[in-house]
Amino acid sequence: MKSLPSLRRLAAGLLLAVTVGCQQGQPRMRVAFVTNNPETFWTFAEKGCAKAEKEFGVEVVFRKPADGDAANQTMILDDLVNQDIKAIAVSVINPQGQSAHLKEVAAKVPLLTQDNDAPDCGRVCYLGTNNYKAGRAVGQLIKEALPDGGVLAVFVGQTEPLNARQRRQGMLDELAGKPEPKDINDLDYGPDGQMYGKYRLYRTYTDQPIGSQKATENASDALTDLAGEKNLCFVGLWAYNPPAILSAVRDKDKLGQVKIVGFDENEATVQGILDGHIYGTVVQNPFAFGYHAVRLMAALVKGDRSVLPNDGILYFPHRVITKDGGKDRISAAVFQKEIRELLTQ
């Protein structure tokens, strides 16, 4: 028969084992990352979320709306709040239309915006690109592709999101030689049909809620409408737009006759640059969007607000990709290798 001290040691050991087992089996805090559409651009952000999920001990619920309809995104956010999600990072589809609802969400859980901001929604931080400055980089590429001026057609998912407006206006201000406005969240929306320096903006085409299929149709329509123009540049401001433009240009047998400038790091865009069919693209860092959104949310659910930037904005620099690279640029071949390695992690 065991002595009383031995039984006490045995009981203490069992209690410790149970306690450790319970701690190891405890469910992780759940946070959510919500995109603004289902496009492949978000694959990179999901990779970043997965890496941060492992490093910071939270569970990430990654949600992509079936389309770019703000009402669908609103339903997703409500569903997440009801699932006891502890923090949310969202790429807002319609900042003005959704701000009142987002304030309700922000009153319940820490709310971050990523990729597309809604400055007045009650969010604690925006993570993403300075889209106005990135838009100016697009304008610089246009000036190089069409140095003598010409006609532009711009393609983007929709114009309600702040990132779309900032990219477009940054591009137009660069072409017109205008300075940066004091507040890039409060922009005078440059109209279609006007001259911006040596460049005439024919039209801004939108494709949401359908997406890439409609984007291809838009580019095909623009080629028909502008058939008589010799100096043409088509600009795609969302990730799937440049490949859609390239597809339409190829189908119309217009390769080499239309300059193409892109935004974001779609694989087809990079290959188009390598093949000489796309002049260049300006890319973001969606992997960082995902990784750092989860990093911040993991800290916030533990009550640590020291991780937040003082001004509530965490910018990640844009980069410019061209075929040969050069000063302050990256060659398409080097960048292609980079993104392929990232996707295989």
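Readers should treat all values here as calculations from the given coordinates under stated rules, not as data from a laboratory. The model shown is predicted, which means the values in this text are computed figures rather than measured ones. Every residue, glycine as well, gets a Cβ built from its backbone with ideal geometry; the counts of neighbours run over all protein chains shown.
Arrange the following residues from fewest to most other Cβ atoms within 10 Å of their Cβ: ILE273, ILE330, ILE278.
Ordered by Cβ neighbours within 10 Å, fewest first: ILE330, ILE273, ILE278.
Work out, step by step, the length gained on full extension between ASP84 and ASP275: first 0.36 nm times the residue separation, then minus their alpha carbon distance; give nm to one decimal.
63.9 nm
Specify which residue in the list VAL249, PHE56, LEU111 is farthest towards the positive end of the charge dipole of the chain, using unit charges on the beta carbon of Lys, Arg (+1) and Asp, Glu (-1), about the Cα centre.
Working it through, the farthest residue towards the positive pole turns out to be PHE56.
Taking neighbour counts of Cβ atoms within 10 Å as a proxy for exposure, in what order, fewest first, do LYS337, LYS230 appear?
With the sparsest Cβ surroundings first, the list reads LYS230, LYS337.
Kindly put ILE245, ILE260 in sequence by how many other C-beta atoms sit within 10 Å of each C-beta, fewest to most.
Final ranking by Cβ density, sparse to dense: ILE260, ILE245.
To the nearest 500 deg cm²/dmol, what mean residue ellipticity at 222 nm is calculated for the chain from DSSP H runs of n ≥ 4 alone, each contributing -39,500 (n - 2.57), summed and divided by the residues?
-14000 deg cm²/dmol
Where nothing but the Cβ of Lys and Arg (+1) and of Asp and Glu (-1) is charged, how large is the charge dipole of the chain around its Cα centre, in debye to the nearest 20?
1320
Given C-alpha coordinates of the range 183-242, what is the ratio Rg to Rh with the Kirkwood estimate of Rh?
With Rg and the Kirkwood Rh in hand, the quotient comes to 1.00.
Could you tell me which of the pairs LYS51/LYS302; LYS133/LYS302; LYS64/LYS198; LYS51/LYS259 are separated by over 30 angstrom between their Cα atoms in the structure shown?
From LYS51/LYS302; LYS133/LYS302; LYS64/LYS198; LYS51/LYS259, over 30 Å: LYS133/LYS302; LYS64/LYS198; LYS51/LYS259.
Evaluate the charge dipole of the range 149-251 about its Cα centre and quote only its size in Debye, nearest 20, assuming +1 on the Cβ of each Lys and Arg and -1 on the Cβ of each Asp and Glu.
In debye, rounded to 20, the range 149-251 gives about 240.
VAL307 versus LYS103, label points 7 Å from Cα toward the beta carbon: distance in nm?
Distance between label points: 2.7 nm.
Under DSSP H, which helices of the chain have Cα atoms covering 24 Å or more of the helix axis and a Kyte-Doolittle average no less than -0.5?
Membrane-span-like by this rule: 4-25.
Gain in length, GLU229 to SER331, computed as 0.36 nm per residue apart minus the alpha-carbon separation, to one decimal in nm?
Extra length from GLU229 to SER331 when fully extended: 33.7 nm.
Starting from the eigenvalues of the Cα gyration tensor, five times each then square-rooted, give me the equivalent ellipsoid semi-axes of the chain, largest first, whole Å.
46, 21, 17
Could you compute the net charge surrounding VAL334? Neighbours are other residues with a C-beta less than 12 Å from the C-beta of VAL334; K and R count +1, D and E count -1.
It works out to a net charge of +2.
Can you tell which of ALA219, PHE44, ALA153 lies farthest toward the positive end of the dipole of the chain, using +1 and -1 charges on the Cβ of basic and acidic side chains (Lys, Arg; Asp, Glu)?
In the chain, that residue is PHE44.
Size of the dipole of the range 233-345 about the Cα centre, Lys and Arg at +1 and Asp and Glu at -1 on the beta carbon, nothing else charged, in debye to 20?
For this selection, approximately 80 debye.
Viscosity 1.002 mPa s, temperature 20 °C: what is the translational diffusion coefficient of the range 160-309 from Stokes-Einstein with a Kirkwood Rh over Cα pairs, rounded to a whole number of µm²/s?
124
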